[in-house]
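Have a look at the structure below before the remarks.
The values are calculated or read from the model by the stated rules, or taken from the named source; none is laboratory data. All figures in this text were calculated on a predicted structure; none of them were measured in a lab. Here the Cβ positions follow ideal geometry from the backbone for every residue, glycine too, while neighbour counts run over all protein chains shown. Keep in mind that these areas ignore ligands, DNA and RNA; they rest on the heavy atoms of the full protein, side chains included. Shrake-Rupley method; radii C 1.70, N 1.55, O 1.52, S 1.80 Å.
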Amino acid sequence: MKLFIFKLSATALVTAALLYPLFSPEGRVGVFTALESIGWLPAFILVAAFLVGVALYCRSLQRCLSLIRPACRTAQPKSVWLMLLLPYNFVEDFFIINNIVRSLRNEASVHARLGLHKHFGAVSGFGWCGAQIVSLSPNLLGTLASLVGLVLWAIHWRFIARVNRLLSPHDSNAHV
């Protein structure tokens, strides 16, 4: 129950940060201003493409958890789709990444080649989650954090794709 209250409280703070630029002229800088400057149609297309990317990333994460032995999983594979629940995802993403990292760590105890990685994607995974929160800052810091977050997200996605190839029963010669 405490965890649920924490997640709801943190989501309320994220919601306030997301709404701030809409009600404050001085807050209308950063990512929102950049999206407005390119026009609403290109901004819509860009956001839609990003959401498609998030869905593909979720599919990779779901596959990763599905390839991990059930006894080693700390979450159900379908739980990664909570990433699409805005604004709840800003908070839940940390928990999703934590479940992936812990599940991979558990799987490494029975899958020796996974043990070659010390962090199991934690640095890039938690990095993009943190950058995503900082990206809500209505200034240059927010814009820069958005860019850093996208780079870390791509790095984490690549790591997960490599892990998926390694764990896939169809490619026993894959290397992470």
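Surface composition of the chain: carbon plus sulfur atoms hold 71% of the accessible area, using a 1.4 angstrom probe and ignoring ligands, DNA and RNA.
Sum -39500 (n - 2.57) across every DSSP H segment of at least 4 residues in the chain, then divide by the residue count to get the 222 nm mean residue ellipticity, nearest 500.
Values: 6 runs with 118 residues, N = 176.
Only helices count here, giving -23000 deg cm²/dmol.
Taking 7 Å steps out from each Cα toward its Cβ at Asn139 and Leu51 produces label points 3.1 nm apart. In percent, rounded to a whole number, the relative contact order of region 14-148 is 27, using alpha-carbon pairs under 8 Å and six or more apart. Once you list every other residue whose beta carbon is under 14 Å from the beta carbon of Leu85, what net charge do they have if Lys and Arg are +1 and Asp and Glu are -1? Taking every Cβ under 14 Å from that of Leu85, the sum is 0.
Based on alpha-carbon positions alone, could you give the equivalent ellipsoid semi-axes of region 97-138 from the gyration tensor, as √(5λ), descending, whole Å?
On the way: eigenvalues 154, 15, 3 Å².
For region 97-138, the semi-axes come out at 28, 9, 4 Å.
The residues packed around Ile68, meaning those with a beta-carbon under 12 Å from its beta-carbon, carry a net charge of +4 if Lys and Arg are +1 and Asp and Glu are -1. Between region 39-70 and region 112-176, the C-alpha centres lie 13 angstrom from each other.
Can you figure out the FRET efficiency of Leu85 with Lys118, using R₀ = 22 Å and their beta-carbon distance, to the nearest 0.05?
Details: r = 31 Å, r/R0 = 1.41.
Result of the calculation: an efficiency of 0.10.
If Lys and Arg each add +1 and Asp and Glu each add -1, what is the summed charge of the other residues whose beta carbon sits under 9 Å from the beta carbon of Glu107? Net charge around Glu107: +3.
Net length available on complete extension from Asn98 to Phe44 is 16.4 nm, with 0.36 nm assigned per residue and the Cα-Cα distance removed. Taking all protein chains into account, the per residue accessible area for the chain stands at 57 Å² (1.4 Å probe).
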